[in-house]
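What follows is one structure encoded as structure tokens, with my remarks underneath.
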Amino acid sequence: MAESEAEVPKAKPRPIVRLGIFLISHSCLFSVICCTAGVLTLLLLPVLAKNTYISENALMPGSANPMFSSQEVSEANRLVKSLTSLDSKPVGSGIESQRLIAEYMSDLGAEISYHKFYPRSNQFHPLHFFSYPDSGSTRENVSCISHGLNTVGIIRAPRGDGKEAIVLVTPYNSLKVGPGEALSLGIAYSVFSLLTQVTWLAKDIIWLVADSRYGEYAAVNAWLRDYHMPVFSGLSALKAEICPVSNVHNELKENSVTERKINDGFRRAGTMATALVIKVTDGSEHFEDSLSIYAEASNGQMPNLDLINIVNYLAVHRQGLRVKVEKMRSLINCKWLKILGEILQSLGHVAKSLNPQWKFGIPAKDYVEGAATLASSLYYQALGVPTGPHGAFRDYEIDAITMEISSRVALNNKARKNDFLLRGGRLIEGVIRTVNNLLEKFHQSFFLYLLTSPSKFVSVGVYMIAFALLVASLPVVAASLYADAHKVDPSFGIDKSTPQASATDELSITPRSCKWLNAAKKVFLVHLWGAVVSFLPYFICQIPSCTPTTSFVVWVLLSSFSLPILSLILGSSFSYGRPSQPQKRDWTLLKSVTISAAFIGLCLMSVINFATAEIGALLMVPMCLMAQPLKLDIRSRKLRKFLRVACNLALGFLGFPPAGFFVLKGAFEGFGGITVGDFWSWLESIWSWSSATYLYIAGWFERTRS
Amino acid sequence: MEPKEQSKEKKEKLWFWNWVIASVIFRLVLIYFPKNLNLASRPEVSTPLTSLRRLAEGYWLKQLSMSPYAGSMYHGSPLLLSLLGPLTVKRIEGQPDHLLCSLVFVIADIVNAMLIRATGQNLQMEYTRSLKLLDHVKLSEKPEIIPSGDIAALVYLWNPFTIVACVGLSTSPIENLAIILSLYGACKRQAPLAAFGWVIATHLSLYPAILIIPMILLLGYGTDTPPRKLFLQRRNVEVGDNPPNDRCCEREEVVHRSEVPHVFSWRPVIHFFCWTSLWSVYVLVLCGISVKQYGGLWELFKRTYGFMLTVQDLSPNIGVLWYFFAEVFDFFRNFFLIVFHGNILFMMLPLAIRLKHRPCFLAFVYIAISSMLKSYPSVGDSALYLGLLGLFVNELADMQFSFFLFCGYVGVSLLSPVMHNLWIWRGTGNANFYFATAMAYACLQIILVVESVSAMLNHDRKLRKPLTELQDGKN
């Protein structure tokens, strides 16, 4: 009976098992095919991009005629003029401009409050990854001397209940108001003044005039933090103790006619549906007025695609602006990309001639542009640093973008300027009116996407294919290596007909199943070391008065010392000189465990931040697959093996320096305290890149050791 | 030779204790970072039943002389409330909150590990003895027999799930303590202890009630042995083998002795039942006293067991029921409640018949199944069955897919917080993301149970093989 049972599975395994066995036995071929397919699909993404469409029916963009008229333009001009005249005056400009804006706001009947904040240096903290942005614990780092002052104006909606709001943000430097900043303030003011009169408003409007003296992001972030995390009396008393309350408010209230309208407290207006950051630059464009959209927030998060769609639709179809998103300029003139684009174009033509239904060819120029945009989209998402003050909103689940409007010529001509203000104002009015229609939060459209042009996107379902193809080879290779390691086992194939053989079989079983545990221990050790290395900067930046160079040197030294210490503590045996056969088996097991760890890591990363995972996979997958013990290769002096060694070393060098460079850059900026991006993103990027680093290092070590 | 071996043994013992102490230190270090880790609010760690925060709330209500079950916050036992409740209120200046409770959980974990170790030593002794009886002398004397008790204890102590459950202020270490206590008592055939453990475990979390079958088998037959058939076969071989002479009587005796543990002895079982009824009356009286003002025992049952069985709280956890019952139509709800809970009961009998010679392993399988299908599972339950899995290292040495399972557990336990973060904090994901990891986790548990059972049956087959061949050779 036992024999028959043993024979049954041999007879015919199920098709899925056979498929698995087939894949595992041809793992080399399979992995090569998968990797090439993955890279090819990545290159094909601009072709596969779909046109955007507005997915939420409630939005109805552009269905109403704009009410923004030349009257509002003259209002804007009035503010701009008085701001520039204020700027020409030498004294006390910092508070003066704020008071001016507040006066203008209160003339419109808005609620006004000032928000004082202290810029804080960004701290890198290792344990904050999964917790929410915290309220109190980083308050120690405030410097009392320097503070910024945001001015906030709120219009209560006649049809609203005060539970929802739309935010307009105009960052400007209060010490020196540039012409572009003055214009952006003017546009925002004119829209604001229009919105005080309209009857259709269902959401409150908050106009945040952010003081960008210490960076645009810091000001917006400080306001958002105080908006969402109310400070209760105990803490505020503490704060008052730390920093003696300066009498800014009193200063501001002096001479103010509209004293009654300015509130001491922090004004709120419910949850924010959307935030629009408005900026104006002038004179740089050659062809026509244009609008640049910046959307990348921290950690490669994007606002809902519908928001970009609305802005794009209104700008192109209503105001005739040219909409741009960031591109990688260096790629546009790239030769091979052009050639690839032409090949794809001709392929598309051929396909069209075969069957007119097939329309996947796009012009070569479009392809190159799409690829450049896609590359920059990937780059900024992978970097994890927000591209503007809108990034602060995403941490509180608010969809936000930065709209940078730029005009064709310098705005000296009055009529030109009025026209520009009119178009900008109408665009913003249209966006606000559209968002005002929204019944819930933005949820209908995509959150996970890559842009290839303002009106084309690649959704998560498509770009995941490229990634999945790239990493699909990893589990298969790991499985085949694991199977190999067991096949090499000498006692495995022995016939078990006699009790003695059974006994020896039993003897060999126990170590066999535990062997991978040993390999797993080594990999765990190296990963732990990687984690320690990536957490070290936090402890190093606690050391006071340290220049970036010395702290970097300390970091390198500590990390190189920590490996032997760790291995000592955990009692891992770094033994050499074992017989060749088990050594090889150990090696295959080790590689299999390393590859599976890399696979798990990459899959996790792809959920957190796709772009990082994609770039990491491009670097790491070939590396993991090619990794071989150096010693064995060098011993057998053949040309092929030598080539392989050379390949490995080259890949190792290719993989290591960028990671090293990036971590170095991150460390420098972190230590210098000049990081603009929030430390979340830095933590994230450093963490992710270090994970890549330590996987490389894992590969390196194992290779050089054995 | 002997002193060398002794020193080696000593060294191994020292090694074991070093790791135990290291695990305690590691826990204490983690206890001092409760704010940063924020483990107590993770849905994987604290469920509505095991959360200490809810217990503190219940205690607060009770202090205000209100029913601790008012407001659907607390759903645990009133005994736990009066044991742990005072500790939740006591604060020591400059120390983290709930320090005393954390210390209690650490102690519970250590006691758990020690009990697992003792059970493992018992099992291993029995294993060696039965191998000797089956004449696998070579096997039993080989040095490779792993001290499964030590391994299991260390696996339990160093399992990240255990550490997280202990540091994350969930009461699951205490629940696990009751379960392990009952298993230990049954292995040692101490009916009062086993009954006490079983009654408390059932009282605390209800699902361990199904462990009564392995308890009875353990008390009746003794601990895990190879199937009874093998011993009979062995006897046949020997009886046929030996010519009738003086040694025959000796052999007979040996064989009879070998059969002794396989006769079902009723005495300890009846003892067990007596003690069980005694303890349950005792527990019920205590509960009755403590909830007398608040609606009596019926209210208690409704608020605790009723809450467990009807799955009222649909907040996300690592199980699969919350999602299902959030989606299901209300008029099917009762039907599916019966189906899901019946599922556990349906699997009990077939498994009990197939694995009746290995009651400890049967208990492991039951715990794994119930922790997969229970209404509010947490990682503390997984910690328990993964620790018990370590008891069967020798038998399950050639389990298939062990590496795959390991990778799967690592992957799922890392993916689950990430998905939760995407869903709750970032807003880019949704409930399906998190539920996907819960399903993957359930699949992993199913694979683990199926593979471990089949590996155990294969092991029994392997033990039979030489006997069959011996018999065949003679015939």
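Could you go through the stretch B:166-181 and let me know if any residue there is at pLDDT below 90 and part of a helix (DSSP H, G or I). Within the stretch B:166-181 (the criterion being at pLDDT below 90 and part of a helix (DSSP H, G or I)), the answer is yes, since at least one residue qualifies.
Screening B:Met439, B:Met456, B:Met419, B:Met399 for residues that are more than 10 Å from chain A (Cβ to nearest Cβ) and buried (at least 16 other Cβ atoms within 10 Å of the Cβ) leaves exactly one candidate, B:Met456.
Does A:Leu378 count as over 28 Å from A:His443 (Cα atoms), assigned to a helix (DSSP H, G or I) and either in contact (Cβ under 8 Å) with a residue 24 or more places away in the chain or in contact with a Cys (Cβ under 8 Å, 6 or more places away or on another chain) (or both)? So that I can check it myself, show each step before the final result.
Numbers: over 28 Å from A:His443 (Cα atoms): no; assigned to a helix (DSSP H, G or I): yes; either in contact (Cβ under 8 Å) with a residue 24 or more places away in the chain or in contact with a Cys (Cβ under 8 Å, 6 or more places away or on another chain) (or both): yes.
So A:Leu378 fails the test.
As a summary of the residue check, B:Ser375 satisfies the conditions (1) outside any helix (DSSP H, G or I); (2) free of Cβ contacts under 8 Å to residues at least 60 places away in the same chain; (3) of a type outside the set (Asp, Glu); (4) more than 11 Å from chain A (Cβ to nearest Cβ) except for the one numbered (2).
Every condition in (1) over 24 Å from A:Ala210 (Cβ atoms); (2) touching a helix residue (DSSP H, G or I) at 6+ places or on another chain (Cβ under 8 Å); (3) modelled with pLDDT of 90 or more is met by A:Asn312 except one, and the failing one is (2).
Those residues that are polar (S, T, N, Q) and within 7 Å of chain A (Cβ to nearest Cβ), I need them from the stretch B:402-416; list them, please. Scanning the stretch B:402-416 gives a single hit, B:Ser402.
Of A:Ala382, A:Ala351, which residue is surrounded by fewer than 18 Cβ atoms within 10 Å (Cβ to Cβ) and either of a type in the set (A, V, I, L, M, F, W, C) or in contact with an Asp or Glu (Cβ under 6 Å, 6 or more places away or on another chain) (or both)? I'd like the intermediate steps shown before the answer.
On the way: A:Ala382 fails: surrounded by fewer than 18 Cβ atoms within 10 Å (Cβ to Cβ).
Among A:Ala382, A:Ala351, only A:Ala351 is surrounded by fewer than 18 Cβ atoms within 10 Å (Cβ to Cβ) and either of a type in the set (A, V, I, L, M, F, W, C) or in contact with an Asp or Glu (Cβ under 6 Å, 6 or more places away or on another chain) (or both).
Set side by side, the residues B:Phe406, B:Phe435, B:Phe392 differ, and just one is under 14 Å from the mean Cα position of the chain (by Cα) and aromatic (Phe, Trp, Tyr), which is B:Phe392.
The values are calculated or read from the model by the stated rules, or taken from the named source; none is laboratory data. Remember, predicted model here, so these are calculated numbers, not experimental data. Positions of Cβ are generated from backbone atoms using ideal geometry, with glycine treated the same way; all protein chains shown enter the neighbour counts.
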